[in-house]
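Asks: Quick one: structure below, then a few questions.
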Amino acid sequence: MTIDLEALYIDLHKHPELSFQETRTAGVAASHLRDLGLEVHEGIGITGVIGVLRNGSGPVVWLRADMDGLPVAEETGLPYASSATGIDPDGAAVPVMHACGHDMHVTAMIGAVERLVAQRAEWSGTVVVVIQPAEEFGAGARAMLDDGLLDRFPRPDVVLGQHVTPLPAGVIGVRPGPQMSASDGIQVVLHGRGGHGSRPHSTIDPIVMAAATIMRLQTVVSREVDPHDLAVVTVGAVHSGTKNNIIPADANLQLSLRYPDEQLREKVLEKVERVVRAEAMASGAEREPEFSTLHSLPATINDADATARAVAAFQAAFGEQRVIDPGLFTGSEDVSWFARDAGVPLVFWFWGGHDPIAYAEAEANGTLDRDVPTNHSPFYAPVIQPTIDAGVTAMVVAAREFLD
Ligand code: ZN
Ligand code: ZN
């Protein structure tokens, strides 16, 4: 009996779950893996799932998928659009959507395992399926590793993973070396002195301090990072104040910092900290700003030799024209922790999920940025096919390349 992958995808898409709350998704994945004859372990790193497929002696290949949704209200208008809600870590009710396509990752993984099971006479080795929670927190891979992943299950010789992206469906994007950026999430609390909005001279206004800080932070990349280097400094959240006539006591900023070259990390962090402290001083702040780390992710670096093998396998399966270098992504991933902790090569690739005709039109019109929604957009939704088939094929082809 074959698994209806399209129905599986639609079911997962309709039922997205927030990071570390993926109990239903994990249950669905685990039951499929069990039906396929794998040895299944649940609740690894809170909600993670491990499936072990032993098939004689040979290499151990880890296949990784992530499974969490995002607090986004879906606006795709699709008949299977999500209307789910969840409770975020602050206790707020939020809409939930598979806006990053992790439902597609789980679907393709189940399809790939089904095919590997069907082909088991043709290969030998061990496949370990790693379905991780909370990629969007940058915390799920670490949670699984902290739960003894490397000691409890066969250690990998190689770690493979894939992410659906708005390339044309049927296209694979992968490059050796740096593929995605390192990233730090930083929270900054600027301390002022609150008071009446009519008496600003008796206060230290943290909102003005925050505004000046935000503007000055724009010069870190434009004025201080070598134009040949890639870095991003984004202030993604600003919270301060409750009412028009009250000057609040502090302001809270959340920053997203990105650099594919990890050597830039210390430099950018130092520059950001210097600007924040200097603006606080310029405002006459009586307390130093406070810094805390929200997350810290490594760069996603594809092993050169392993990636060359995967690329050759992809080219044979998809055709040379359909395997491209997608360039360096400023997005970040926590998949690297699996390979780094195990000390083995990583190959992480992107596969297209956008309607190829619509993509070609947007490209011809020069409107890719406007007309092709990206991951995390409320309009992001891969076309079901050929995206599922391509994701299954890519994962199987890559896995087989590294199995005997
Ligand atoms: Zn994402
Ligand atoms: Zn993602």
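Where a number appears in this text, it was derived from the coordinates with a stated rule and is not lab data. Only a predicted model underlies this, so the values are computations on that prediction, with no experimental measurement involved. Glycine gets a Cβ as well: all are built from the backbone with ideal geometry, and neighbour counts include every protein chain shown.
Asks: Among Asp184, Asp371, Asp66, which comes first, second and so on when ranked by fewest other beta-carbon atoms within 10 Å?
Replies: Ranked by crowding around the Cβ, least crowded first: Asp371, Asp184, Asp66.
Asks: Right, here's the next one. If the chain between Asp35 and Phe291 were fully stretched, how many nm would it gain, using 0.36 nm times the residue separation less the Cα-Cα distance?
Replies: 87.4 nm
Asks: In whole Å, how far is the Cα centre of the stretch 248-300 from that of the stretch 325-363?
Replies: 28
Asks: Arranged by the count of other C-beta atoms within 10 angstrom, fewest first, what order do Glu114, Glu135, Glu39 take?
Replies: Exposure proxy ranking, most exposed first: Glu39, Glu114, Glu135.
Asks: Okay, moving on. Starting from the Cα of Lys271, draw a straight line to each of the aspartates and glutamates and keep only those under 19 Å, dropping any in the same chain fewer than 8 residues away.
Replies: Partners within reach: Asp184, Glu224, Asp226, Asp229, Asp261, Glu262, Glu279, Glu288, Glu290.
Asks: Now for a separate question. Would you mind ranking Thr23, Thr367 by Cβ crowding within 10 Å, fewest neighbours first?
Replies: Lowest to highest Cβ neighbour count: Thr367, Thr23.
Asks: Length gain on complete extension for the stretch Val94 to Phe379, per 0.36 nm per residue less the alpha carbon to alpha carbon distance?
Replies: 100.9 nm
Asks: Under unit Cβ charges (Lys, Arg +1; Asp, Glu -1), what dipole magnitude, rounded to 20 debye, does the chain have relative to its Cα centre?
Replies: 560
Asks: Let me ask something additional. To the nearest 500 deg cm²/dmol, what mean residue ellipticity at 222 nm is calculated for the chain from DSSP H runs of n ≥ 4 alone, each contributing -39,500 (n - 2.57), summed and divided by the residues?
Replies: -10500 deg cm²/dmol
Asks: Taking the alpha carbon gyration tensor of the chain, what are the square roots of 5 times its eigenvalues, largest first, to the nearest whole Å?
Replies: Here the semi-axes work out to 41, 22, 22 Å.
Asks: Counting pairs of Cα atoms in the stretch 1-70, how many percent are more than 17 Å apart?
Replies: Roughly 48 percent, once rounded to a whole number.
Asks: If you average the C-alpha positions of the stretch 135-152 and of the stretch 165-244 separately, how far apart do those two centres end up, in angstrom?
Replies: Each part's Cα centre sits 28 Å from the other's.
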